[in-house]
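Report on one structure; see the data block that follows.
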Amino acid sequence: MREIEFRGKAIHPNSLEQIVGSWAYGGIFENKIISRNLDMDSQYHGFISEIEIDIETIGQYTGLKDKNGKKIFEGDIVTTFSNINKYTDAFAGDVEPTFYFTSIVCDGACFKTTYKGEPSYVLNQNVSSLVKHMEVIGNIHENPELLEGTE
């Protein structure tokens, strides 16, 4: 069974003194995250709370983790190799590996990377070689400049 989790940026503080603009993680109902795990640096980590969030920042967990074990969410910006063979985990000939920045989007019922701003590779077991080399470097809400000139 895969883990279903969402994240969103808080827009109103809650009774636990949630900081506006910090990320909340958990289930979702209307425009609230029902959270057990606030940002790790929160002194209230582990408490259950309802946190009103900015709807534009909602992103679902893809069920995948980057090369550092960090969860990959919809809206994340990741680095990925542009010249890796996604089925063999190998590079073509003696070519030096190159990478690019891409964002993660939900397209229909699939999570995908993007190419020139459009949905591209589906993130699933068939691209596991690609995913295990990815690294989350930011997200489209806080770091949109990372994608300038790449998509």
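Values in this text are rule-based calculations from the coordinates and carry no lab data. Keep in mind the model is a prediction, meaning the values are calculated, not measured. Cβ placement follows ideal geometry from the backbone for every residue including glycine, while neighbour counts extend to all protein chains displayed.
Data overview
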read-out	value
Mean Cβ count within 10 Å, highest first, over the residues of peptides 99-106, 139-146, 63-70	99-106, 139-146, 63-70
Near-label residues of the stretch 55-77 by backbone N, under 12 Å of a point 7 Å along Cα→Cβ of ILE137	77
Modelled FRET efficiency - R0 25 Å, GLU3 with ASP54, Cβ distances, 0.05 increments	0.65
